[in-house]
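What follows is a single structure, written as C-alpha cells, with notes after it.
The values are calculated or read from the model by the stated rules, or taken from the named source; none is laboratory data. Fair warning: this is a prediction, and the values are worked out from it, not measured in the lab. Here the Cβ positions follow ideal geometry from the backbone for every residue, glycine too, while neighbour counts run over all protein chains shown. All accessible areas refer to the heavy atoms of the entire protein, side chains included, with ligands and DNA or RNA removed. Shrake-Rupley method; radii C 1.70, N 1.55, O 1.52, S 1.80 Å.
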Amino acid sequence: MGKTKFLTALAVAPLCAVLTGCPADNAAQAGAPSSIPAYGKAPTTVAAPAQPSPAQSQSEANQRAAKVGSIIARAQASYTSGVQNYNNNRLDAARQDFDYAVDTMLSSGIDIKSDPTLNEAFERLLSDINSLEMVALAQGNGFSQPIEDAPLAGATEMTFAPNPELVAKLKGELNTTSDLPLVINDQVAGYINVFSQSNSFRAHMSASMQRLGKYRTLIQNVLREEGVPQDLIYLAVAESGFQPQAMNAKSGAGGMWQFMSYTGPEYGLIRNGYFDYRFDPEKSTRAYAKHIKKYYSLFNDWYLAMISYDWGPGNVQRIVSRTGYSDFWDLYRHASMPAETRAYVPQILAAIIMAKNPEKYGLNKLPPSPPVIYDTVHTDYAIDLRLVADLTGSTVADLVALNPAMLRLTTAPDMGFDLHIPPGTTEVFNDRLKDIPEDKRTSWRFHVVRPGETLDGIAETMHAKADEIAELNDVTAAKPLQTDDELIIPMTVAASAPRGVQRYTARRGDTLVSIADRFGVTVDDLRTWNHLSSSSVSSGKTLYVAEPVRLGPSGRSARGRRASRSHGRASASSSRGSSHSSKSAKAHGSSSKASSAKASTKSASHSAKKKHR
C-alpha cells in the first residue's frame, strides 16, 4: 500500500468512529480512495452534549443532537470529496473541500467546545487533514503551488582557509556602508566568492531582490519605527526569500520571518481557521523587529541577536557563559555550535554585501516589483471577497494578493480582521457597504450599471432575479436604470457559487452554459479562467468555476537545508508544531458563530433606493 493511501485510511477511520454505525474497521482495511466510507446519513440520534436542564424538553435535546449529526455528516461529505481529490493529485480542489468541511463546523452556530460530540469530530477532522497535508508537503508540494527556495536554503556550512588577498580585494571594491557592523573577513569573503560562482544562488537571490521591491519601503519603515538596523531586512533572504507565505514543512514555522505558531501570538500574530497573521508582511515584520530587538537587549550585539533568532537565546546564553566570550567571531572560533548556526551570520553578511553591489554580481537583471500599497479596513463580520471586489472596483485576485494572511475567500464572522483593499477606496467601500445587511455580505453582490446594460441582462449575468433587483433598488418604469447607477444585487445562497468549490470536472452532457448556471458564474468567466476559445467542453475536463486565486497556504515548504530549522523562537528543545493548515489553529478556541444581521432586508431596501439615481 502506498504511503498516501495508507495515511488516507488512517485519516478516515478515526473520523468515522465518531458516528454511530460508521465502519471504521473497513476503512482502515480498504485503503483505496474508492473504498473510503462516508458518514452517509446523519444518525437519527447523537448523544447530547450534556444532560438537559429541567427547563429543557427532551424534544429540544433531540433536535440539537440531530443538528449536530447533520453538521458532522455535511463535514464528512466535504472531507471525503477532499480525500478523493487528494488521491487524484487535485491538491487545490482537495484544499477547498477540506476548508469547506472545517467551515461547516465553524459556522454551525453551535459553540464547538460546549458539545463533546461535535468537539471530538472537529478535533479529529483537523488532525486528519493535517496528516494528509504533511504527506503532501513531504512530497514537495502541499495543497498549493510550492514556494521557491530561499537563496540560502541550499547553502552548507563551509570553512575557508585564510586568504588575505581576497579579503583586501573585496574590501577595496565593495560598498559596505551599513547600519550594521558589516565585516569582510575570511569567512564572509569565502561565502561571497562561492555565492558569486553559483548560478542557482544568483537566480534565487535575483528573484528575492525582485520581490523585495514590493515590501522594501514597508519593511524599512517598520524597522525604523522599532529602532532596528535597516540592513536586518536581509535576514529574510535566509528565512523566506521575501515570500510572505513561505512555510517550513518540518518545524511549522511560517511567513516571511518564519515564526512558530506558539510564538507569533506574543506579538499579535493571530492564527485561526480564517487567517494567519504570520503571512501578513506588515504585521509579521513588526513582530520580527520587536523579537530580534529583544534578543539585542540581552546581548547588546546584533550578531548574537541574529544567531539567537536562528538557534534560540537560551543556547546562546549558555555558550557565552561557558566560554566567557561575548563576541560572535570569538564564539565562531572557540565554541561548539550547530553547523547552520555557525554559517548563519557569515552567509547573511555575504548576502547583504552582494545585495549592496548588485551590478558586480549580476543581481540587477530583474527589475524590482512595484511597491505594495493599500488601505486597511477593520472587519468584525463575514464578507465575501467577491463583494469586496464589487465595492472597490477591483478583482478577487487583486484582493488575495493584498491579503496573503487570508486562508479563505471570506473574512471571519464575529472575529476582527484587518482587510487590505486597493489604495484610496476606503471611503467608497464604507459608503457602499453600509447599505448591505451584515448577514447578506457573504452572498449578495454589488454592481455599477454600465452603458447599454439592462435590468434583465444584469440579472442574467449575476445569476439573480430581475424583479428582486428592481424591488430592492426601487427601479420602476418611472425610474428606469441609468448608467452609473449603483445596484445592490440580492442573491440566494443557492444562486451564488457553492462555497469551497474552485474546480469542477465536466460530465457527459455538460455545456459551458449548464456549468455556468450551476456555479453562479458567466460563460465568459469560464472561457477566461480556463483559456477556452469555444463553448464546447469535453467530458472529464477539469475547469475552474471560480476565479483562480492563491490564498494563504495550508502549508508551503521552505525546502532545502533550512527546512529542519525551528529558529529558536522559544527554545531549541521546544516541541515542533506541525505545518499549519488553515484549520490547524484550533480555531474553535475563539468559537466562530454565524454573525447576526444588524440590518433587515427591509432597511437595506430603504437605503438602496437612495443609491438609484
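What the table below lists for this structure:
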read-out	value
Entirely in the stretch 318-392, the helices (runs of 4 or more DSSP H) that have 2 or more residues that are open to solvent by less than 40 Å² (accessible area, probe 1.4 Å) and among the aliphatic types (A, V, I, L, M)	339-355, 385-392
Yes/no for Arg224 being within 22 Å of Met306 (Cβ to Cβ) and surrounded by fewer than 23 Cβ atoms within 10 Å (Cβ to Cβ)	yes
Selected residue (only one of Gly82, Gly140, Gly109 is in contact with a Lys or Arg (Cβ under 9 Å, 6 or more places away or on another chain), under 23 Å from Thr442 (Cβ atoms) and modelled with pLDDT under 75)	Gly109
Residue in the stretch 405-413 that is closer than 28 Å to Tyr234 by Cβ, touching a helix residue (DSSP H, G or I) at 6+ places or on another chain (Cβ under 8 Å) and in a loop (DSSP other than H, G, I, E, B) present	yes
Subset of the stretch 297-349 [closer than 25 Å to Pro151 by Cβ and either without any contact (Cβ under 8 Å) to a residue 12 or more places away in the chain or in contact with a Ser or Thr (Cβ under 6 Å, 6 or more places away or on another chain) (or both)]	Ile307, Asp310, Trp311, Gly312, Val316
Count - residues of the stretch 111-124 that are surrounded by fewer than 21 Cβ atoms within 10 Å (Cβ to Cβ), closer than 23 Å to Ala382 by Cα and not polar (S, T, N, Q)	2
Of all residues in the stretch 473-501 being among the polar types (S, T, N, Q) and within 19 Å of Trp444 (Cα to Cα), the one that is modelled with the highest pLDDT	Asn473
Residue list for the stretch 508-543, restricted to those being open to solvent by less than 30 Å² (accessible area, probe 1.4 Å), small (Gly, Ala, Ser) and in a helix (DSSP H, G or I)	Ala516
Enumeration of residues in the stretch 152-206 that are closer than 17 Å to Leu235 by Cα and in a helix (DSSP H, G or I)	Val188, Tyr191, Ile192, Phe195, Phe201, Arg202, His204, Met205, Ser206
Test for Thr505: is it in contact with a strand residue (DSSP E or B) (Cβ under 7 Å, 6 or more places away or on another chain), at pLDDT below 85 and open to solvent by 20 Å² or more (accessible area, probe 1.4 Å)	yes
Members of the stretch 403-414 found to be surrounded by 22 or more Cβ atoms within 10 Å (Cβ to Cβ) and more than 13 Å from the chain's Cα centre (by Cα), listed by number	Ala412, Pro413
Given (1) within 21 Å of Lys290 (Cβ to Cβ); (2) open to solvent by 50 Å² or more (accessible area, probe 1.4 Å), number of the condition Leu180 does not satisfy	(2)
Residue satisfying condition, being assigned to a helix (DSSP H, G or I) and surrounded by fewer than 22 Cβ atoms within 10 Å (Cβ to Cβ), within set Lys250, Lys283	Lys283
Some residue of the stretch 44-58 being surrounded by 15 or more Cβ atoms within 10 Å (Cβ to Cβ) and modelled with pLDDT of 75 or more	no
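For every residue, the table says whether it meets (1) touching a Leu at 6+ places or on another chain (Cβ under 9 Å); (2) hydroxyl-bearing (Ser, Thr, Tyr); (3) modelled with pLDDT of 95 or more.
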residue: Asp384; (1), (2), (3): yes, no, no
residue: Leu387; (1), (2), (3): yes, no, yes
residue: Asp390; (1), (2), (3): no, no, yes
residue: Arg408; (1), (2), (3): yes, no, no
residue: Ala412; (1), (2), (3): yes, no, no
residue: Met415; (1), (2), (3): no, no, no
